[in-house]
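Chemist: I am attaching a structure below and will ask some questions about it afterwards.
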Amino acid sequence: MSIVTEEPNHELISEREQHEAVPRASYGFELHRRDFFKLLGGGMLVCACAGQALAQESGAHRRSNDDEELPQNISAWLHIAEDGKVTVYTGKVEVGQNIRTSLTQQVAEELRTPVDSIQLVMGDTALTPYDMGTFGSRTTPTMGPQLRMVSAAARENLIGLAAKKWNTDPASLTAEDGRISRMINSHSKESISYGELTKGQQLVQLIGDDPELGLPDKWRIAGTSVPKVEGRAFVTGKHKYASDFSLPGMVYGKVVRPSAFRATLKSLDATEAEKISGVTVVHDGNFVGVTAPDTTIALKAAKAVRAEWTAPQQTSEATLFQDVRKPATSETENPGGPPRFVTGSVEHGFASADKTLKQTYTISYIQHVPLEPRAAVAQWEDGKLTVWTGTQRPFAVRDELAEAFRIPKDKVRVVMPDTGAAYGGKHTGEAAIEAARLAKAAGKPVKLVWTREEEFTWAYFRPAGAIDVKSGVSHDGKVVAWEFHNYNSGPSGLRPVYAFANQHIEFHPTDPPLRQGSYRGLAAPANHFAREVHMDELAHLVNIEPFEFRMNNLTDPRARAVLQAAAKTFGWGEQKSSPARGFGLALGFEKGSYVANCVEVQINGRDVQVMRVAEAFECGAVVNPNGLQNQVAGAIMMGLGGALFEDIHFDNGRILNPHLAEYRVPRFSDMPKIDVDILDRKDIAPAGAGETPIMALAPAISNAIFAETGIRLRSLPMVPEGLPEATPHA
């Protein structure tokens with residue numbers, strides 16, 4: 001059996017560059033004279049304070065100058081103790097996607113040892129090999145194979161040790177259940193445990209070029225629904241997250257926030273705050289914060305600080321979709337220019353078209369709304385800084401800390417306890433830097449946990465955008481011209497999976513009005529929304545049923561398979577849309593995975609209720625079916641918010657709805673009946689699954705609303721403003 005590993009070339013710029021373009025916190029701490037000479041011993045230091053970096057997916061080229069090579073020796077990744085316990089090291093982190101379980105399964109599969117004998121050490125810059133971060137659905141397709149190779153190499157090494165001990169041919173030995181065995185005669189065999197072989201010593205051998213890996217159709221542990229590792233601790237509350245972490249002698253921090261974005265400190269009076277027992281006030285440039293013995297006192301002290309800020313005049317949401325069309329003025333754009341894709345001739349395509357269509361689709365800013373806001377505990381000891389914080393990119397946060405405090409990277413350690421969700425929103429180290437600055441002033445460990453309002457106001461958002469689509473179609477339902485322009489929201493998922501002969505696709509970066517960054521799927525959900533709603537409009541224009549119209553323009557067999565599977569699971573075509581209910585579908589693809597959604601909606605005035613969702617999803621060979629089902633269901637639930645409710649309101653540098661009381665997220669009452677059909681392709685290498693399942697939900701809902709009402713909604717979120725009080729029906 002052969003395994004296909006090639007991924008479709010739908011990405012226009014590298015996943016790494018898109019995620020590294022997330023704006024970092026722009027702290028410019030002052031360097032006191034005493035610290036200056038400690039660092040240099042004399043001479044001159046020129047410091048440039050980095051401002052806000054380019055928006056997510058701007059096409060910025062921001063690579064580190066010192067990319068770290070992955071170690072090739074087994075001991076850097078895996079250690080077997082004398083008692084047989086296996087410790088595995090990975091820079092990937094757990095943010096609720098259950099990769100601790102799926103990676104453990106893959107180690108167990110190749111090492112041939114029980115799942116419960118394996119412990120993963122994750123996201124610790126002092127212990128784990130370098131990793132760019134946990135983003136882009138890359139853990140399963142990149143870290144999975146890496147740990148499988150390490151485990152297979154360790155297994156072969158253990159067999160070699162046993163063969164040497166018994167003076168026998170390695171081919172006569174087998175590895176199973178944490179032991180190496182051999183047949184003595186036809187009636188008996190002997191075995192030795194991994195721990196007895198290693199005696200707790202490091203396996204220092206190199207990982208071979210091509211260790212033999214098990215094929216997915218032969219998997220026994222991978223490919224099964226192994227229960228969540230440490231699952232009981234999660235449901236009982238015993239499991240600890242970043243905001244639960246504490247240290248002896250720790251004090252608590254609070255940052256005094258500016259009155260608006262881009263504000264600078266004009267004056268400061270901390271007299272009243274300094275009178276409070278146990279309080280330390282920290283003022284460093286535009287940074288103002290306090291530490292106190294507990295969170296209540298810290299909040300009281302922060303409120304007692306009198307800070308006056310000066311902020312420039314800024315834009316508002318009223319002009320958002322005009323603002324995002326203004327060309328970027330940043331000088332740090334990718335030298336190659338923004339992503340652009342042209343094939344065939346759209347001019348010739350439009351000339352041959354029987355009908356043409358031109359529409360604009362818009363996407364509002366939304367928040368990530370992780371269950372756990374940002375949190376960090378920082379400690380300075382002997383000139384070294386250790387920070388425990390919830391982040392998707394521990395090594396990048398390490399670099400941010402080193403830069404902020406002008407110390408070598410080897411003096412900084414970042415440890416990532418599990419964090420309660422991220423969705424692309426925890427790439428940067430704001431809370432880590434703030435906690436570290438407060439700890440430096442207090443001379444004690446400091447814990448800092450953001451409030452929900454801080455999370456809404458000072459974290460970055462999913463980019464807003466405007467997307468212009470112009471297309472030409474023939475009477476037989478073939479799209480003969482496709483022109484697609486995305487302004488600001490990003491290039492991920494720009495290119496269609498459809499077989500359009502003539503295409504002009506382009507991303508236009510801008511200087512965004514709000515701080516923006518990665519979100520689940522980057523800009524691909526926005527681009528899918530525009531494309532799949534437009535495909536429905538074209539189908540209606542030429543009077544071809546939406547499913548058949550898509551199939552007419554599809555040659556990719558994987559895309560055709562998920563669309564057919566979703567339609568079959570849903571019973572597409574068995575019932576017709578009516579004023580009482582509407583049915584819609586959409587197709588998606590991203591990160592080497594494919595998805596299709598069919599939905600049923602019912603509308604009462606401005607109330608849109610999604611009654612049923614059928615989703616077919618294919619991501620190659622499946623490592624943990626139950627875990628994947630949960631990922632898909634979670635994406636559907638999350639996708640409802642961006643489709644129907646979520647919308648950041650802002651004016652002149654201020655967020656107007658920074659609380660969950662004013663920012664609508666999905667509720668239990670919003671949940672539809674969900675049917676998930678997983679297409680397990682054991683002939684294709686595992687691909688990413690964390691992001692793709694969200695792609696096709698919003699356009700399917702929009703298409704269902706149109707089918708019921710005859711009203712085409714082209715803006716996210718779609719309701720309630722998009723529908724009139726009394727909904728007309730088609």
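Quick note: the coordinates plus some simple rules give every number you see, no bench work behind them. If you're wondering where the values come from, they're calculated on a predicted model, not measured in any experiment. Don't worry about glycine lacking a Cβ; one is built from the backbone with ideal geometry, like all the others, and counts go over all protein chains shown.
Chemist: Would you kindly give the portion of the calculated P(r) for the stretch 368-485 that falls above 18 Å, as a percent of all Cα pairs?
Modeler: Across the stretch 368-485, Cα pairs with separations above 18 Å total 57 percent.
Chemist: Between residue 501 and residue 299, what is 0.36 nm times their sequence separation minus the Cα-Cα distance? Round to one decimal in nm.
Modeler: Going from the current span to full extension adds 66.6 nm.
Chemist: Could you line up 365, 423, 460 from fewest to most neighbouring Cβ atoms inside 10 Å?
Modeler: Working: 365 25, 423 22, 460 28.
Listed from fewest to most nearby Cβ atoms, that is 423, 365, 460.
Chemist: Please report Rg (one decimal) and Dmax (integer) in Å for the Cα set of the stretch 488-614.
Modeler: Final numbers for Rg and Dmax: 16.1, 48 Å.
Chemist: Where does each of 632, 369, 342 land when they are ranked from fewest to most other beta-carbon atoms within 10 angstrom? Before the final figure, lay out the partial values.
Modeler: Values: 632 24, 369 20, 342 12.
The most exposed by this proxy come first: 342, 369, 632.
Chemist: Please compute the contact order of the stretch 310-440 in relative form: average sequence separation of alpha-carbon pairs under 8 Å and at least six residues apart, divided by the residue count, as a percent.
Modeler: Over the stretch 310-440, the number comes to 25 percent.
Chemist: Mind checking the full-extension length gain between residue 190 and residue 213? Use 0.36 nm per residue of separation minus the Cα-Cα distance, one decimal, nm.
Modeler: 5.8 nm
Chemist: Size of the dipole of the stretch 206-298 about the Cα centre, Lys and Arg at +1 and Asp and Glu at -1 on the beta carbon, nothing else charged, in debye to 20?
Modeler: Details: 11 positive and 11 negative charges, 81 e Å.
In total the dipole reaches around 380 debye.
Chemist: In what sequence, highest mean first, do 560-573, 213-226, 134-147 appear when ranked by Cβ atoms within 10 angstrom?
Modeler: The packing order, highest mean first, is 134-147, 560-573, 213-226.
Chemist: Additional query: Could you pull out every one of the lysines with an alpha carbon less than 28 Å from that of residue 478, ignoring same-chain neighbours closer than 8 positions?
Modeler: 355, 358, 470, 568, 576, 591
Chemist: So how strong a dipole does the stretch 74-236 carry about its Cα centre when Lys and Arg Cβ are +1 and Asp and Glu Cβ are -1, to the nearest 20 debye?
Modeler: In total the dipole reaches around 200 debye.
Chemist: Considering only DSSP beta bridges whose two residues both sit in the chain, what percent are antiparallel, to the nearest 5?
Modeler: Just about 75 percent of them are antiparallel.
Chemist: Only loop residues by DSSP count here, and only those with at most 16 other Cβ atoms within 10 Å; note down the chymotrypsin sites (Phe, Trp or Tyr not before Pro) in the stretch 628-698 that meet that.
Modeler: Listed in order of number, the matching sites amount to none.
Chemist: A follow-up question, please. Rg and Dmax of the stretch 74-236 over Cα atoms: what are they, in angstrom?
Modeler: So, for the stretch 74-236, Rg and Dmax equal 16.1, 52 Å respectively.
Chemist: When N counts the residues of the stretch 87-145, how does its alpha-carbon radius of gyration compare numerically with 2.2 N^0.38 Å, as a ratio?
Modeler: Cα Rg divided by the expected 2.2 N^0.38 Å: 1.06.
Chemist: A further question follows. Among 117-126, 97-106, 178-187, how do they line up from the highest to the lowest mean number of other beta-carbon atoms within 10 Å?
Modeler: Numbers: 117-126: 20.3, 97-106: 23.9, 178-187: 13.9.
Highest mean packing first, the order is 97-106, 117-126, 178-187.
Chemist: Just in the stretch 226-307: which GluC sites (Glu not before Pro) are loop by DSSP and have at most 16 other Cβ atoms within 10 Å?
Modeler: 230
Chemist: According to a simple spin-label model (label point 7 Å from Cα along Cα-to-Cβ), what is the distance in nm between residue 322 and residue 564?
Modeler: Once both label points are built, they end up 5.0 nm from each other.
Chemist: In addition: In terms of Cα to Cα distance under 12 Å, which aspartates and glutamates are near enough to residue 673, apart from those fewer than 8 places away along the same chain?
Modeler: 600, 615
Chemist: If R0 is 25 Å, what FRET efficiency do you get for residue 315 and residue 674 from their C-beta distance, rounded to 0.05? Each step should come with its number before you reach the end.
Modeler: Values: r = 39 Å, r/R0 = 1.55.
According to the calculation, E is roughly 0.05.
Chemist: Right, something else. Looking at the stretch 74-236, how many pairs of lysines come closer than 27 Å at the Cα, when each pair is eight or more places apart or spans two chains?
Modeler: 15
Chemist: Report the extension gain between residue 476 and residue 259 in nm, rounded to one decimal, defined as 0.36 nm multiplied by the number of residues separating them, less their alpha carbon distance.
Modeler: Extending this stretch completely gives an extra 72.3 nm.
Chemist: Label residue 116 and residue 172 with points 7 Å out from Cα along Cα→Cβ: what is the distance between them in nm?
Modeler: 3.5 nm
Chemist: Work out Dmax and Rg for the stretch 161-311 from the C-alpha atoms and quote the Rg first, both in angstrom.
Modeler: Cα only, the stretch 161-311: 30.4, 88 Å (Rg, Dmax).
Chemist: Two decimals is fine: what is log10 I(q)/I(0) at q = 0.10 Å⁻¹ for the chain, from a Debye sum with one equal scatterer on every Cα and no solvent?
Modeler: Ignoring solvent entirely, the Cα scatterers give -1.04.
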